[in-house]
1. Which one is farthest from Lys195 (Cα to Cα) among residues in region 221-243 that are among the small types (Gly, Ala, Ser) and either without any contact (Cβ under 8 Å) to a residue 12 or more places away in the chain or not in a helix (DSSP H, G or I) (or both)?
2. Lys60 is checked against (1) touching a strand residue (DSSP E or B) at 6+ places or on another chain (Cβ under 7 Å); (2) within 19 Å of Gln131 (Cα to Cα); (3) loosely packed, with under 14 Cβ neighbours inside 10 Å and fails just one. What number does that condition carry?
3. Where residues in region 243-268 are in contact with a helix residue (DSSP H, G or I) (Cβ under 6 Å, 6 or more places away or on another chain) and open to solvent by 40 Å² or more (accessible area, probe 1.4 Å), which of them is nearest to Asp207 (Cα to Cα)?
4. On the given criteria, is Asn101 outside any helix (DSSP H, G or I), of a type outside the set (Lys, Arg) and within 28 Å of Cys39 (Cβ to Cβ)?
5. Cβ-Cβ under 7 Å, sequence separation 6+ or interchain: first residue in region 267-290 and closer than 19 Å to Ser185 by Cα, partner outside any loop (DSSP other than H, G, I, E, B) and open to solvent by 80 Å² or more (accessible area, probe 1.4 Å). Which pairs?
6. If I filter region 88-104 for residues that are in contact (Cβ under 8 Å) with a residue 40 or more places away in the chain, in contact with a Pro (Cβ under 6 Å, 6 or more places away or on another chain) and more than 21 Å from Gly209 (Cα to Cα), do I get at least one hit?
7. Residue by residue through region 19-32, note down the ones that are open to solvent by less than 40 Å² (accessible area, probe 1.4 Å), within 19 Å of Ala105 (Cα to Cα) and in contact (Cβ under 8 Å) with a residue 40 or more places away in the chain.
8. When region 149-158 is examined, which residues are found to be open to solvent by less than 70 Å² (accessible area, probe 1.4 Å) and either in a loop (DSSP other than H, G, I, E, B) or more than 23 Å from Asn70 (Cα to Cα) (or both)?
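The values are calculated or read from the model by the stated rules, or taken from the named source; none is laboratory data. Every value quoted in this text rests on a predicted model; they were computed, and no experiment measured them. Neighbour counts run over all protein chains shown; Cβ positions are idealised from the backbone, glycine included. Each accessible area value is taken on the protein alone, full model and side chains, heavy atoms only, with ligands, DNA and RNA left out. Shrake-Rupley method; radii C 1.70, N 1.55, O 1.52, S 1.80 Å.
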Amino acid sequence: MAGFGADDPTVINSRERLGEKLFFDPILSKDKSISCASCHKPEFAFADTAKVSLGVGGTKGTRNSPSVTNLSGRPNLFWDGRAASLEDQALQPIINPVEMNLPIADAIDRLQKDKEYAALFQKIFNAPPTQKNLLLAIASFERTLETANSPYDRYINGDDKAISENAKRGRMLFIGKANCNNCHSGEDFTADRFKGIGLFNDEELKDQGRFDVTGNPEHKGHFKIPGLRNVGLTAPYMHNGMFKTLKEVIQYYNNPDAVIKNGKNRDLSLNKPLGLSETEINDIEAFLLSLTDDRFQKTKP
């Protein structure tokens, strides 16, 4: 298990540990004020607690910073799916003007001039720092952030007492009446697709999501379906952080029109209210909370 910020040069002997050091080091931001971990906080399953994160100089981002756990093997990354690999994903925050705002050539120059990093890259890659091995190191660390040791995992592996009766009922609602698993399926509870759930109306909700990547009008307001592991720690929710709690999210899905009446390109599956009672909403919330991995339970604030 990664040490989450360990920087002792004597134990940095792999791509993963070098990537971990880089992930927590503000050297990759323009004014050396923020790091990857500033917006992907370990204690919150490597997500942020703000609606949108602040970049260098306090510049506001445009979307919520999601968790970077359980991303190994995902075919599309970012809310709009513009990156196809963790290496590509690792590059974007560094060079983004509203995030770390550092041209990649400047980042590499810094690392090459830093004696410690120059030595570490030489030891691990047998080469000086380059764009390729920098991004490979960060992506290698991110691939260690896979989680599969939650109460839910113990439950499906035969421990009937691992989750509460509420969570058990919530699981059945999740795959039944609420139809959550239509989109949140598989081991990481994501279908790796893009959906419009009504959070775009071209008025106060203007983010066009996937359309900005594909240019396909049918994709306006579509966003990547996130995985749900550790979702109990990653509030606020949605691409714009508009929901503060899991309960608010479930209540939205229960009756989207009660929250946003004029959502465009909304998936047809959301055309009718689910008819969930308050008790059923609480049960689904209990199930979602059972997806929190033990490694984060221990550091939960």
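1. Here is the first cut: in region 221-243, the ones among the small types (Gly, Ala, Ser) are 221, 227, 232, 235, 241.
Now drop any that are not either without any contact (Cβ under 8 Å) to a residue 12 or more places away in the chain or not in a helix (DSSP H, G or I) (or both), which leaves 221, 227, 235, 241.
Details: Gly221: 8, Gly227: 13, Ala235: 20, Gly241: 17 Å.
So the residue we want is Ala235.
2. It is condition (2) that Lys60 fails.
3. Filtering region 243-268 down to residues in contact with a helix residue (DSSP H, G or I) (Cβ under 6 Å, 6 or more places away or on another chain) leaves 243, 246-247, 250, 256, 259.
Applying the additional criterion that residues be open to solvent by 40 Å² or more (accessible area, probe 1.4 Å) yields 247, 259.
Values: Lys247: 23, Val259: 17 Å.
Across region 243-268, the extreme among qualifying residues is Val259.
4. Details: outside any helix (DSSP H, G or I): yes; of a type outside the set (Lys, Arg): yes; within 28 Å of Cys39 (Cβ to Cβ): yes.
Yes; evaluated as a whole, the condition is true for this residue.
5. Pairs that qualify, where the first residue is closer than 19 Å to Ser185 by Cα and the partner is outside any loop (DSSP other than H, G, I, E, B) and open to solvent by 80 Å² or more (accessible area, probe 1.4 Å), are Asp283/Arg169.
6. Checking region 88-104: at least one residue is in contact (Cβ under 8 Å) with a residue 40 or more places away in the chain, in contact with a Pro (Cβ under 6 Å, 6 or more places away or on another chain) and more than 21 Å from Gly209 (Cα to Cα).
7. Taking region 19-32 first, the residues open to solvent by less than 40 Å² (accessible area, probe 1.4 Å) are 19-23, 25, 27-29.
Adding the requirement that they be within 19 Å of Ala105 (Cα to Cα) leaves 19, 22-23, 25, 27-29.
Those that are open to solvent by less than 40 Å² (accessible area, probe 1.4 Å), within 19 Å of Ala105 (Cα to Cα) and in contact (Cβ under 8 Å) with a residue 40 or more places away in the chain: Gly19, Leu22, Phe23, Ile27, Leu28, Ser29.
8. Step one: of region 149-158, the residues open to solvent by less than 70 Å² (accessible area, probe 1.4 Å) are 150-153, 155, 158.
Correct list: Ser150, Gly158.
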